[in-house]
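Participant: The structure under discussion is supplied below as structure tokens; questions concerning it will follow.
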């Protein structure tokens, strides 16, 4: 019943809206909204922006999460509880708050910007990058690294430490041990982290409200409803978004299951 009320019914209504011939009623049938979505170069550029930004931030986030999770699970770090709290903290922040933190750190009057300007003798406005594509990239990564780290920490808990110790006893370097022993065991976790962070990146909206330097799918969807109020195009965008995310998740989970089976 919950799946029907909270999932299937709203989705069916969104699909009906996307093919409706009336602006405010679900009547008739028309594919004009989809023709606009796939035929207009503007919407193709928005889709491209979404894919490259999400892919880039996903790869960077998981790339950072692997050594973070490795350090937290394999070494007795001083102040480990505090480190775990700091790494996990961004998960509790709404996207808008995370974006404001980027402004506070890297904006024209940001803390890091002011410090860098004082050390280099440059003008703060020449160093600030918060309201730019790099600033948006950093804001996305800030929100996504903790999610990838939590998944990978769970994966590291299942790693066979005896195999690692055996490899080191046979003369393997720490890097060789990680590459040939640890990495194959955590690969399913890496795949899961890639899936989760990629989906997170596609769904981020609050950050984009503050740092509107790049138009991506979620921001454009909001604009369709708020500015032009083109509900048919908005419905088509929501439908395409759901279909893409669903297929991506299914394929990703199948790949993960295949790896686990191996």
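Participant: Sort out which residues of the range 117-141 are under 26 Å from residue 65 (Cβ atoms) and either in a loop (DSSP other than H, G, I, E, B) or more than 26 Å from the chain's Cα centre (by Cα) (or both), and write them in order of number.
Facilitator: Residues satisfying the conditions are 129, 130, 132.
Participant: Please go through the range 93-116 and pick out each residue that is under 18 Å from residue 210 (Cα atoms) and in a helix (DSSP H, G or I). Give the steps one after another, and end with the answer.
Facilitator: Taking the range 93-116 as the starting set, the residues that turn out to be under 18 Å from residue 210 (Cα atoms) are 93-110.
The answer is 95, 96, 97, 98, 99, 100, 101, 102, 103, 104, 105, 106.
Participant: Count, please, the residues in the range 147-173 that happen to be outside any loop (DSSP other than H, G, I, E, B), within 30 Å of the chain's Cα centre (by Cα) and without any contact (Cβ under 8 Å) to a residue 40 or more places away in the chain.
Facilitator: Applying the first criterion (outside any loop (DSSP other than H, G, I, E, B)) to the range 147-173 yields 147-156, 161-169.
This time we only want the ones that are within 30 Å of the chain's Cα centre (by Cα), so: 147-156.
Keeping just the survivors that are without any contact (Cβ under 8 Å) to a residue 40 or more places away in the chain gives 154.
Residues meeting the conditions: 1.
Participant: I've got another one for you. Filtering the range 236-262 down to residues that are more than 18 Å from the chain's Cα centre (by Cα), within 28 Å of residue 158 (Cβ to Cβ) and surrounded by 13 or more Cβ atoms within 10 Å (Cβ to Cβ), which residue is modelled with the lowest pLDDT?
Facilitator: Looking at residues that are more than 18 Å from the chain's Cα centre (by Cα), within 28 Å of residue 158 (Cβ to Cβ) and surrounded by 13 or more Cβ atoms within 10 Å (Cβ to Cβ), I get 259.
Participant: Given (1) in contact with a helix residue (DSSP H, G or I) (Cβ under 9 Å, 6 or more places away or on another chain); (2) assigned to a loop (DSSP other than H, G, I, E, B), where does residue 144 come up short, assuming only one miss?
Facilitator: The number of the failed condition is (2).
The values are calculated or read from the model by the stated rules, or taken from the named source; none is laboratory data. Please read these numbers as outputs of a predicted model, since none were measured by experiment. A quick note on method: Cβ atoms are made from the backbone with ideal geometry, for glycine too, and the neighbour counts reach across all protein chains shown.
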